[in-house]
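The values are calculated or read from the model by the stated rules, or taken from the named source; none is laboratory data. As the structure is a computational prediction, the values presented were derived from the model and not from experiment. Backbone-built Cβ (ideal geometry, glycine too); neighbour counts: all protein chains shown. Accessible surface is based on the protein model in full, side chains and every heavy atom, while ligands, DNA and RNA are left aside. Shrake-Rupley method; radii C 1.70, N 1.55, O 1.52, S 1.80 Å.
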Amino acid sequence: MAFDSMFIGVTGLEAYQNQIDVISNNIANVGTTGYKGQNVNFQDLIYQAQSYATAPTQTTGGVNGQDAGLGVKLGSIDTNYAQGGLRTTGVNTNLAMNGDGFFILRKPNGSGAPVYTRNGNFSLNSNGLLYDGSNGMAVQGYLADKNGNISQTGTPGDITIPLGLQSQAVGTGLNAKLKFGPSGDQMFDVSLGGNVDQTQWIKEAQGVQNGAAGTGTPYTISTTVYDSLGNAHLAQITYTPDANGATGGNAQIASNTTVNGGAGNLINAISGSTGGKTISVTVNAGGTTATISDGSTTVTGNPGQTLTFDGATFTLGNFVPADAGKSGTINNAGGTNGLPAQVADANGVLHTPAARWRMDISFADGTTFDAIQTPGSIAAGGAVTAAVNSATPVSSGTVGFAYFDQNGQYVNTSSIEGVAAGQSITGANVHAVNTGPSLANGNQLNIRSWGTGSANNSVAPTAGGPAPQTGPIGFDFHNSTSLAGSATANVLAQNGYPAGILSNLTIGNDGTISGAFSNGQSTTLGRVAVATFQNEQGLQRIGGSDFAATANSGLAQVGTAGVGRFGSMVSGSLEQSNVSIAEEFTKMIVAQNAYQSNSKSITIASEDMQTVMQLIR
């Protein structure tokens with residue numbers, strides 16, 4: 001009937017008007033952060049049976065029923081949760097989800113029901129609360145304990161990061177969480193690296209072998225260490241090439257020749273030591289004198305003369321003019337470099353040392369420590385005499401000796417210096433894997449009192465307050481070398497630091513909030529929680545880019561971004577609307593045509609009614 005047609009058209013107008021409303025809302029929110037577009041699904045309304053179906057009989061094949069439709073209705077308005085594009089903002093507290101998941105918001109202090117959003121335009125308020133500034137709701141997550149550990153159990157709560165949050169000072173040597181050293185042997189508090197010049201050690205050894213002072217040049221570096229109150233103390237570390245115990249050996253005739261028709265030799269009756277130098281003796285052209293030289297110093301001698309040159313005493317033969325041009329040489333035999341036969345590394349493997357460097361430390365601020373007053377030694381029979389430490393703490397002194405092998409690689413440290421020929425430094429006299437530093441091993445600075453520090457203190461930090469904690473500081477040299485070349489020794493790292501104030505925040509892909517402090521330290525402060533739902537289509541839109549859980553969405557499943565089905569978190573970005581203008585305009589055209597067509601069906605039905613009415617005239 002015409003009346004049915006009119007009302008069917010009305011249902012079409014209502015349905016497509018709803019679709020146009022949804023499309024308009026999508027277009028209006030094309031710039032809304034985190035907005036998720038909606039799609040309309042239609043369903044046919046009801047049917048009126050014009051006739052009923054009959055079963056087949058012996059005379060008929062059966063008749064199909066006839067159902068006349070009575071219009072259309074809105075089946076559902078679904079949300080398109082597809083990923084939106086990311087827009088960089090540069091604000092660390094702005095967050096975007098890349099993948100599944102919602103941020104959780106709640107009224108501060110846990111009041112009210114939580115809501116869920118993809119709009120991560122967050123910031124810190126005046127109380128340090130991470131919140132959504134558009135509605136005042138707090139971002140939910142988990143706070144870390146004082147050690148930076150997060151226990152992600154229970155209901156997430158407010159994330160508060162107080163302004164002026166401080167990082168506690170930690171004294172060098174007191175930081176059990178940060179140690180240095182090779183893999184499997186991280187027992188040290190200060191890591192040293194770089195190179196000490198092997199040529200300087202050779203110069204030192206040659207000088208000692210010559211019976212004179214060595215000419216090797218020490219190399220000094222500096223580093224800052226901290227006491228337990230965070231006061232800085234400047235320490236000077238000096239590497240000194242150490243060839244104590246080196247000997248020049250005995251002079252010997254390396255080459256000789258007969259003179260005076262074979263009546264004798266050019267060089268005779270030698271004694272003493274050349275100090276490691278090689279001396280040449282050459283009869284001059286006239287055959288009346290001989291030139292004696294070590295390459296830098298030259299003297300002349302007469303036939304039969306006894307001379308002492310470079311520590312070696314010898315007598316010239318009675319050469320004659322016919323011996324002009326004849327020569328001979330003198331050198332040393334049996335000299336030593338003052339080093340032990342071998343030194344054990346931390347794993348007990350023996351190495352032949354090629355250099356020993358003495359480590360001296362000094363503080364200008366009055367900081368005192370235990371120093372080696374008399375180095376340890378090993379006698380010919382292997383008996384060890386332990387090092388003797390200073391009777392009272394000092395501000396400048398020796399703390400140990402570092403040994404390097406023939407390839408310039410670090411071997412170990414010890415408090416042993418003087419070693420008899422053929423003896424080695426092993427066992428308790430050197431550091432072993434997984435044992436702590438010690439004075440006996442030559443790798444420990446044992447602080448006895450702290451000085452005034454470098455923070456313009458007029459008195460030591462013990463005055464007028466608690467005394468900073470003293471104790472041992474272990475030195476690791478495994479990154480050091482002793483190669484021929486420029487000295488580049490330096491301190492790579494140490495595990496102490498002063499107090500600091502929070503200066504910056506970063507948020508990782510898993511939502512972990514890390515704080516960077518003015519003292520160069522960083523620590524974990526908390527983690528932003530995320531939630532997903534078994535049925536996201538069951539969520540209720542409540543405005544403000546927020547969603548609420550319903551009976552059909554299921555309970556929120558709270559977890560960590562980047563784990564399992566949860567998407568990752570992107571800091572410094574916001575998710576854009578996922579609405580496509582081109583798609584919405586296309587749907588708008590279709591909806592408009594459908595709306596106009598339904599209005600036309602109403603017009604036709606009305607005309608049909610007019611035709612019927614005119615039949616009675």
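Label positions at Ser522 and Gln186, each projected 7 Å from the Cα along the C-beta direction, are separated by 1.6 nm. Fully extending the segment from Ser76 to Ala364, taken as 0.36 nm per residue of separation minus the present Cα-Cα distance, adds 95.7 nm.
Largest first and in whole Å, the equivalent-ellipsoid semi-axes of the stretch 211-321 read 52, 13, 8, each the square root of five times a Cα gyration tensor eigenvalue. Does the stretch 95-141 come out rounded, prolate or oblate by the C-alpha gyration tensor, with a ≥ b ≥ c the root eigenvalues, rounded set by a/c under 1.5 and, if not, prolate when a/b is larger than b/c and oblate if not? Oblate, since a/c reaches 1.5 and b/c is not below a/b.
Kirkwood radius, the stretch 14-57, all distinct C-alpha pairs, inverse of mean reciprocal distance: 14.0 Å. One decimal place: the segment Thr385-Leu45 gains 111.9 nm when fully extended, by the rule 0.36 nm per residue minus the C-alpha distance. Put simply, the amide H of Thr336, placed in the peptide plane, has neighbours under 5 Å in Thr247, Gly248, Gly249, leaving out anything fewer than 5 places away on its chain. Longest segment of the chain with no chymotrypsin sites (Phe, Trp or Tyr not before Pro) in a DSSP loop having at most 15 other Cβ atoms within 10 Å? In short, 82-617. Determine, from the Cβ-Cβ distance of Gln236 and Lys107 and an R0 of 60 Å, the FRET efficiency 1/(1 + (r/R0)^6), rounded to the nearest 0.05. Efficiency at R0 = 60 Å is approximately 0.55. The figure for Glu583 is an accessible area of roughly 100 square angstrom, using a 1.4 Å probe on the protein chains alone. Classify the stretch 304-349 as rounded, prolate or oblate from the Cα gyration tensor: take a ≥ b ≥ c as the square roots of its eigenvalues, call it rounded if a/c is under 1.5, otherwise prolate when a/b beats b/c and oblate if not. Prolate shape, in that a/c is at least 1.5 and a/b is the bigger ratio. Stick to the Cα atoms of the chain, pair each with every other, and give me the Kirkwood hydrodynamic radius in Å at one decimal. The Cα-based Kirkwood calculation yields 33.5 Å. Shape class of the stretch 462-593 from the Cα gyration tensor (axes a ≥ b ≥ c, square roots of the eigenvalues): prolate, since a/c reaches 1.5 or more and a/b is larger than b/c. With a Förster radius of 51 Å applied to the C-beta separation of Asp145 and Gln17, the computed FRET efficiency comes to 0.35.
For n ≥ 4 DSSP H runs only, could you compute -39500 (n - 2.57) per run for the chain, divide by its residues and tell me the 222 nm figure to the nearest 500? Mean residue ellipticity at 222 nm (helix-derived): -4000 deg cm²/dmol.
Using a 1.4 Å probe over the heavy atoms of the protein chains, calculate the carbon and sulfur portion of the accessible area of the stretch 197-267 as a whole percent. Carbon and sulfur atoms account for 46 percent of the accessible area of the stretch 197-267. Think of the stretch 519-610 as having a plus end and a minus end, set by charges on the Cβ of Lys, Arg, Asp and Glu; of Gly526, Ile604, Ile589, Gly526 sits farthest toward the positive end of this dipole.
Which residues among the stretch 100-134 fall inside the zone where the amide N is under 20 Å from a point 7 Å beyond the Cα of Asn92, along Cα→Cβ? Correct set: 120-133. Full extension of the chain between Ala285 and Ile501 gives 69.4 nm of extra length, using 0.36 nm per residue less the Cα-Cα distance. I'd like the FRET efficiency for Ser486 and Thr258, computed as 1/(1 + (r/R0)^6) with the beta carbon distance as r and R0 of 35 Å, rounded to 0.05. FRET efficiency, Ser486 to Thr258: 0.10.
Helices assigned as whole DSSP H runs in the chain whose Cα atoms extend at least 15 Å along their own long axis and whose mean Kyte-Doolittle hydropathy is -0.5 or higher are found at 2-28, 581-614. Annotation for the stretch 475-550 versus the stretch 26-64: alpha-carbon center distance of 54 Å. If Lys and Arg each add +1 and Asp and Glu each add -1, what is the summed charge of the other residues whose beta carbon sits under 14 Å from the beta carbon of Ser580? Computed value for this residue: 0. D by Stokes-Einstein for the stretch 549-593, Kirkwood Rh over Cα pairs, 4 °C, 1.567 mPa s: 89 µm²/s.
Note on Ala582 and Ser24: the model spin-label points, each 7 Å out from Cα along the C-beta direction, lie 2.6 nm apart. Considering every alpha-carbon pair of the stretch 485-532, the percent of pairs per 10 Å bin, from zero through the bin containing the longest distance, is 22, 32, 24, 14, 7, 2, 0.
Model label points for Asn509 and Gln168, set 7 angstrom from Cα along the Cα-to-Cβ axis, are 3.3 nm apart.
Each other residue within a Cβ distance under 15 Å of Gly34 adds +1 if Lys or Arg and -1 if Asp or Glu, for a net charge of -1.
Summarising the amide proton neighbourhood of Arg448: residues at separation of 5 or more, or on other chains, whose placed amide H is nearer than 5 Å comprise Thr368, Phe369, Asp370. Coupling constants for the stretch 152-157 follow from the phi torsions by the Karplus curve (6.51 cos²θ - 1.76 cosθ + 1.60, θ = phi - 60°), and in residue order they are 8, 10, x, 6, x, x Hz; glycine and proline get x.
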